[in-house]
Amino acid sequence: MVQKTETKKAKQILHDVIFELQNVSESMQWFLSYDRLSELIEIRKEECLRKVYQFKAAKPQMTLSGGFHEVDGDLLVDFLAWILELDEVAEEFLKGGIFFSERPLYELRESYKSLIQKTIANHKLDQELILLLTAATIDFDDAVDSYLMDKFEIDFFVRRSIHQFLEKFEIHPEFGAEEFLYEYLKSLIPTKILNFRDITREFRDRTYYELYGRFRETKKKKKKKLVQTVSDEVKDLLAFFDLEPGANITDVKKKFKELLKKYHPDINKKGEEMTKRIILKYNRLVELIGT
């Protein structure tokens, strides 16, 4: 009976924390000070700070900045799960529409890819148009790009996959989740993570075979040059984050969070564009050096 009461109390505290973040959230940007956190979890400020420092001992990537920002969402989730002894913290944050960890975001990306692939797989090819476009371009993929852009709207795939995602997890969209996810997907479309040609590769190969009755030849000669290009790109991205070649993913994440806090719109009124650049470059760098 005592354990049930304690669990019920812990769930109520979690609900109060989420409600607090929902109230202060603007486009899923929020800040929860240690002082306010101590009030919500109903312990003295000194005790709260002691627990924060104790928690930080196991999280070397954590920086102490007077509280938790949205970029520290994964740390706040782990901290609350530890303090409250609850397993459903991440799930409740997700439903609350205030923070998405990498796992559901990965599922959103895969859903976006799948939606495109299923849609074009059921599409009846307009051979006359694709042949016309092919004749007008040097590269076959350029012709297919033009064809698909003529037949489909990328924005439709973005918004549809987000709608399905919000419905599946029963996420409250009124705290900026929909806008956040839209910007998130749009920022990844120019990168290799959601590269349109990779997503539609099967359609391109099938279309080529339908048009010419043979399989496309793979381009092997450009492989070595691509490796060098990627290497140079990594150097440039590391330089953007003021990191030396050889920096690992932990170093990158630390710098990423430092820069986001520096240019956070709540702190730097002119930092919105820089924040978008930071997120875009971070996603690309993580993709290149691996998670």
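The values are calculated or read from the model by the stated rules, or taken from the named source; none is laboratory data. Since this is a predicted model, take the numbers as computed values, not measurements. Cβ atoms come from the backbone with ideal geometry, glycine included; neighbour counts cover every protein chain shown. With ligands, DNA and RNA removed, areas are computed over all heavy atoms of the protein, side chains included. Shrake-Rupley method; radii C 1.70, N 1.55, O 1.52, S 1.80 Å.
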Practice item. Output the number of the condition that ARG36 fails; it satisfies all remaining conditions of (1) farther than 18 Å from ILE267 by Cβ; (2) assigned to a helix (DSSP H, G or I); (3) open to solvent by 50 Å² or more (accessible area, probe 1.4 Å). Key: (1)
Review point. Out of segment 46-86, which residues are in contact with a Ser or Thr (Cβ under 9 Å, 6 or more places away or on another chain), closer than 19 Å to VAL24 by Cβ, in a helix (DSSP H, G or I) and not β-branched (Val, Ile, Thr)?
Key: CYS48, GLU70, ASP72, GLY73, ASP74
Revision key, fill the gap. Residues in segment 244-289 that are assigned to a helix (DSSP H, G or I) and either of a type in the set (A, V, I, L, M, F, W, C) or over 19 Å from the mean Cα position of the chain (by Cα) (or both) total 14
**Study point:** Residues located in segment 90-106, provided they are open to solvent by less than 20 Å² (accessible area, probe 1.4 Å) and over 16 Å from TRP30 (Cβ atoms)
**Key:** PRO104, LEU105
Revision key, fill the gap. The residue that is modelled with the lowest pLDDT, considering only those in segment 154-175 that are assigned to a loop (DSSP other than H, G, I, E, B) and farther than 12 Å from LEU108 by Cβ, is HIS172
Check your understanding: Residues of segment 176-192 being part of a helix (DSSP H, G or I) and open to solvent by less than 40 Å² (accessible area, probe 1.4 Å), which ones?
Key -> ALA177, LEU181, TYR184, LEU185, SER187, LEU188
